[in-house]
Amino acid sequence: MAGEFDNGLVECQIHAISPLKSARVMGHAKRCCRSFQWAVLWALAVVPGVNAQSEIAAGAANVTVRGRIHIQHSRSSVEAVDDVFLRRARIRLNLDMTETFDARIEADFAEGTSLTDAWARLTLGSGLQLSVGQFKRPFSPFGSTGGSSSDLPMIERTGHIEGVSGCPGVDGLCSFSNLAQKLEFDGRDLGLRAEGSLGNRLSYEATLTNGEGANKADVNDARSASARLVFAVNKRIRIAAFAGSHDYQAPPSKGNQTERANAFGTDINVGEFRNGFHLMAGIERGDNWLAGPEARFTAAEGLASRYFRLAGNGHFSGVEPMFRVSWTSTEDAAGTARRAVLLTPGISLYVTGKNFVAVNLDWYDPDFASSEWSLKAQVFVFY
C-alpha cells in the first residue's frame, strides 16, 4: 500500500501538469498534491502497515481506510485549452465501534481541503438505521448513494463542458444531473437520515436536512426533505421512486421569506456495475426555483453499458463501452421553455476492480445556443 502513495506518485501528477503555461494552474496543482501527500503520509505514520481496505484497531473502533484518486484531462470546443487536473483525491475512514454503531469521515484534497462525508449511524435492525451528520441526499439514481463516482462509467455526471453556460437558473449545461444538483435536490447536506430494508424486495432511504448543501450553515428554521423507495423485481431489475422538497430563502425584494421547491421522479436499474449489460434510466420533474418562482423543469436520462471480461493474465481485466443520453426542458424567468440534449459515448479499460481509464466525448446541443463538445480522459484509482 505504501508503494502506491509514495512521493513518486504525487510528483508524477505534478509532472503531468507542469507543461501548462498557466502559473496559477501549476500552483493550484502543487497545493492539491501537497495536501493529499501530507494526508496520506499522516495516515501511514499513524497507522503503520496499513493496506488496501484493511482493518486497523484505533481506540474503540476498527477503522477501514479507503479512498480514490481521479486525474482528468479535458478539452472543449469552447475553451481550446488542454487542462489536466485532480478531479478527486479522497481519503475515507469507516469506523466500526460495535455491530450496531458505526461512522464515516471522508475528505477531498483535490481543491484545497473539504469535507465530503461525516456521519454516525445507529442500527436498530435491518428495517431501521438512523444517521446524523453530512451525507448524500436520496434522490436521483445518478446522484444518490447508488451512483458513486467510482462506479459510474461516465466521467462527469453533469456532462460539464468548460466555457458552456446559459441554462436558466442553474447556469452551465441543461442536463439531468446539473439540474438536480444545482437546485439542491441531489448532493450532500447536513441533517438526519433513516434507511432500511422492508423484507427482501423493498428498501427505503429518507432524510431531513438543512437544505444549504455540504459544509454550509443553515439560513432559516425550515428543513428540506428527500426520500427514495426501491423495489427489487428480481436479482437484476430494480425500480424506484424518489421525491424532494427543498427550502430556500427568497431574495430581499420578497422579504427574505422561506419558500419551498419540490421535485419527484422514477427510475429503473437493470443489471449491476462491471457485470455484463447494465442500464440506468430515470425521469424527474420539479421546480426550477433558481430561474423563477413559477419555472418548471423536466429531465430524462439513460446510461447503458456493457462490461466484457478479458481472459488471460494480461494487464487489463475488462473493457466497457457506454452511451449516455440526457434530455431536458426547463423554463426561464419569462416562462419560455429551453430544451437541450446531451450525448456521451465512451469506453473504459479496467486494470482491476474499480481501477480503470475512461475516455468520454460529451456533445451538448441546446435549442437556445450553439452545439459544443468536450473530450475527456480520466484515470480512476480506488483503494
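A short reminder: the numbers here are calculations on the coordinates, not readings from a lab. Since the structure is predicted, the reported quantities are computational estimates derived from the model, not experimental observations. Backbone-built Cβ (ideal geometry, glycine too); neighbour counts: all protein chains shown.
Do the conditions hold for G314, that is, is it under 23 Å from A377 (Cα atoms) and not hydrophobic (A, V, I, L, M, F, W, C)? So G314 passes the test. For residues in region 316-334 being assigned to a strand (DSSP E or B) and among the aromatic types (F, W, Y), which is surrounded by the most Cβ atoms within 10 Å (Cβ to Cβ)? In this case the residue turns out to be W327.
When the strands (runs of 3 or more DSSP E) confined to region 95-140 are screened for residues that are surrounded by 15 or more Cβ atoms within 10 Å (Cβ to Cβ) and either in contact (Cβ under 8 Å) with a residue 60 or more places away in the chain or among the hydroxyl-bearing types (S, T, Y) (or both), those reaching at least 3 such residues are found at 114-125, 128-136.
Among A243, A250, A261, A300, which is aliphatic (A, V, I, L, M) and in contact with a helix residue (DSSP H, G or I) (Cβ under 8 Å, 6 or more places away or on another chain)? Can you show your working first?
Numbers: A243 fails: in contact with a helix residue (DSSP H, G or I) (Cβ under 8 Å, 6 or more places away or on another chain); A250 fails: in contact with a helix residue (DSSP H, G or I) (Cβ under 8 Å, 6 or more places away or on another chain); A261 fails: in contact with a helix residue (DSSP H, G or I) (Cβ under 8 Å, 6 or more places away or on another chain).
Being aliphatic (A, V, I, L, M) and in contact with a helix residue (DSSP H, G or I) (Cβ under 8 Å, 6 or more places away or on another chain) holds for just one of A243, A250, A261, A300, which is A300.
Tell me whether region 273-283 contains one or more residues that are part of a loop (DSSP other than H, G, I, E, B), within 21 Å of E156 (Cα to Cα) and hydrophobic (A, V, I, L, M, F, W, C). Before you say what the answer is, go through the steps one by one.
Going through region 273-283, the residues part of a loop (DSSP other than H, G, I, E, B) turn out to be 273-274.
In the following step, the residues that additionally are within 21 Å of E156 (Cα to Cα) were identified as 273-274.
Still in the list and also hydrophobic (A, V, I, L, M, F, W, C): 273.
Yes - at least one qualifying residue is present in region 273-283.
Would you confirm, using the coordinates I've provided, whether F176 is among the aromatic types (F, W, Y), in contact (Cβ under 8 Å) with a residue 40 or more places away in the chain and under 29 Å from P321 (Cβ atoms)? Give the steps one after another, and end with the answer.
Details: among the aromatic types (F, W, Y): yes; in contact (Cβ under 8 Å) with a residue 40 or more places away in the chain: yes; under 29 Å from P321 (Cβ atoms): yes.
Taking the combined requirement at face value, the residue satisfies it.
Within region 186-201, if we keep just the residues that are touching a residue at least 12 places away in the same chain (Cβ under 8 Å) and out of contact with any Ser or Thr (no Cβ under 7 Å at 6 or more places or on another chain), the residue that is surrounded by the fewest Cβ atoms within 10 Å (Cβ to Cβ) turns out to be N200. In this structure, A89 does satisfy being closer than 28 Å to A61 by Cα, buried (at least 21 other Cβ atoms within 10 Å of the Cβ) and without any contact (Cβ under 8 Å) to a residue 60 or more places away in the chain.
In region 202-218, what residues are closer than 17 Å to V132 by Cα, outside any loop (DSSP other than H, G, I, E, B) and without any contact (Cβ under 8 Å) to a residue 40 or more places away in the chain? Before the answer, list the steps.
We begin by selecting, within region 202-218, every residue closer than 17 Å to V132 by Cα; these are 204-218.
Restricting the remaining residues to those that are outside any loop (DSSP other than H, G, I, E, B) gives 204-209.
Those that are closer than 17 Å to V132 by Cα, outside any loop (DSSP other than H, G, I, E, B) and without any contact (Cβ under 8 Å) to a residue 40 or more places away in the chain: Y204, L208.
For region 98-116, what are the residues that are touching a strand residue (DSSP E or B) at 6+ places or on another chain (Cβ under 7 Å) and of a type in the set (G, A, S)? Even if it seems obvious, please write down each step before you answer.
Initially, region 98-116 is screened for residues touching a strand residue (DSSP E or B) at 6+ places or on another chain (Cβ under 7 Å), giving 100-110, 113-116.
Those that are touching a strand residue (DSSP E or B) at 6+ places or on another chain (Cβ under 7 Å) and of a type in the set (G, A, S): A103, A107, A110, S114.
What number of residues within region 154-183 are among the hydroxyl-bearing types (S, T, Y) and at positive phi? Please lay out each step first, then the result.
At the first step, the residues of region 154-183 found to be among the hydroxyl-bearing types (S, T, Y) are 158, 165, 175, 177.
Of the ones still in play, those that are also at positive phi are none.
Of the residues in region 154-183, 0 are among the hydroxyl-bearing types (S, T, Y) and at positive phi.
Going by the structure shown, is S177 in contact with a Gly (Cβ under 9 Å, 6 or more places away or on another chain) and crowded, with 21+ Cβ neighbours inside 10 Å? Here the answer is yes, as S177 does meet what is asked. Considering the conditions (1) without any contact (Cβ under 8 Å) to a residue 60 or more places away in the chain; (2) farther than 26 Å from D267 by Cα; (3) touching a Phe, Trp or Tyr at 6+ places or on another chain (Cβ under 6 Å); (4) not hydroxyl-bearing (S, T, Y), E372 is excluded by exactly one of them, (1). On the given criteria, is R306 over 19 Å from L173 (Cβ atoms) and among the basic types (K, R)? Answer is yes for this residue. Restricted to region 219-231, and to residues there that are surrounded by 17 or more Cβ atoms within 10 Å (Cβ to Cβ) and out of contact with any Ser or Thr (no Cβ under 7 Å at 6 or more places or on another chain), the residue that is farthest from G133 (Cα to Cα) is L229.
Every residue, every condition in (1) free of Cβ contacts under 8 Å to residues at least 24 places away in the same chain; (2) over 24 Å from V78 (Cβ atoms); (3) surrounded by fewer than 19 Cβ atoms within 10 Å (Cβ to Cβ), yes or no:
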position: R339; (1), (2), (3): no, no, yes
position: G346; (1), (2), (3): no, no, no
position: L349; (1), (2), (3): no, yes, yes
position: D367; (1), (2), (3): no, no, yes
